[in-house]
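First comes the structure, then the notes that go with it.
What follows is calculated from the coordinates using simple rules that are stated; it is not laboratory data. Keep in mind it's a predicted model, so treat the numbers as computed, not measured. Counting neighbours? That spans all protein chains shown, and the Cβs are built from the backbone with ideal geometry, glycine included.
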Amino acid sequence: MVKIAPSILSANFLNLEADIEMINSSEADWFHIDVMDGRFVPNISFGFPVITAMKKKAKKFFDVHLMIVEPEKYITEFAKAGADLLTVHYEACTHLHRTIQMIKDAGMKAGVALNPHTPVSVLVDVIEQLDLVLIMSVNPGFGGQKFIERTVAKVKATEAMIKEHGGTALIEVDGGVTLDNAHVLVKNGADVLVAGNTVFSSSDPKATISQLKSVK
């Protein structure tokens, strides 16, 4: 069954605890936390103090997505803050294999994200080491963007590559995920759906999470 990871970037920051409790009591599987530095992407989100505070209230898996330059400098700090899975961008890592090993050595699962213009083939030499491949279905930096249709083919290609090399990585899709496109993503191999606006702009977020969870 597909995992649902509501994106905290779309939550109500004036009442974050209430949204955390909503996710805790919903059918969601993970918390998806986007960390932006204003350099790798043209936006800044939250850092260690907010993540550490969230971890005290959250009861589910922490899926932390780093949209930052030089992520290798902060791996230990994200482990201390409570990340269960740490995803770095292929485009931000000069020594990707080393960074993956550093994440695992810090006790976390390791993921690699690909921007919309980056082909999945770049991961062929590390795919067996990965716990997650994150396919960006919008250009990273802001919520509420339109889904890039080419993503579906990339998900399918990623699934084929994982199978070919005997890997076990989950495939996550982040950006513009809705109730309308969730089915085609899951059908083509997506294991985890990140949903921000779709969940938090809903009049009944828990019901929307439940609908996404039931997609096959």
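Where in the range 127-216 are there strands (runs of 3 or more DSSP E), lying wholly inside it, with at least 1 residues that are within 15 Å of the chain's Cα centre (by Cα), of a type outside the set (K, R) and within 23 Å of F13 (Cα to Cα)?
On the way: elements: 132-136, 170-174, 192-195.
Ranges flagged: 170-174, 192-195.
So, V41, is that one among the β-branched types (V, I, T), surrounded by 16 or more Cβ atoms within 10 Å (Cβ to Cβ), within 17 Å of the chain's Cα centre (by Cα) and assigned to a loop (DSSP other than H, G, I, E, B) or not? Taking the combined requirement at face value, the residue satisfies it. Within the range 94-103, the set of residues being among the polar types (S, T, N, Q) and either in contact with a strand residue (DSSP E or B) (Cβ under 6 Å, 6 or more places away or on another chain) or buried (at least 19 other Cβ atoms within 10 Å of the Cβ) (or both) comprises T99 only.
Sort through E27, E91 and tell me the only one that's farther than 20 Å from P140 by Cβ and either surrounded by fewer than 17 Cβ atoms within 10 Å (Cβ to Cβ) or in contact (Cβ under 8 Å) with a residue 24 or more places away in the chain (or both). So the residue among E27, E91 that is farther than 20 Å from P140 by Cβ and either surrounded by fewer than 17 Cβ atoms within 10 Å (Cβ to Cβ) or in contact (Cβ under 8 Å) with a residue 24 or more places away in the chain (or both) is E27. Sort through A83, A79, A110, A106 and tell me the only one that's among the aliphatic types (A, V, I, L, M), surrounded by 15 or more Cβ atoms within 10 Å (Cβ to Cβ), over 24 Å from M161 (Cα atoms) and touching a helix residue (DSSP H, G or I) at 6+ places or on another chain (Cβ under 6 Å). Just one listed residue meets the conditions, A106.
One residue is enough: does the range 54-71 have a residue meeting the conditions over 17 Å from the mean Cα position of the chain (by Cα), in a helix (DSSP H, G or I) and either farther than 20 Å from M136 by Cβ or of a type outside the set (S, T, Y) (or both)? Yes, the range 54-71 contains at least one residue that is over 17 Å from the mean Cα position of the chain (by Cα), in a helix (DSSP H, G or I) and either farther than 20 Å from M136 by Cβ or of a type outside the set (S, T, Y) (or both).
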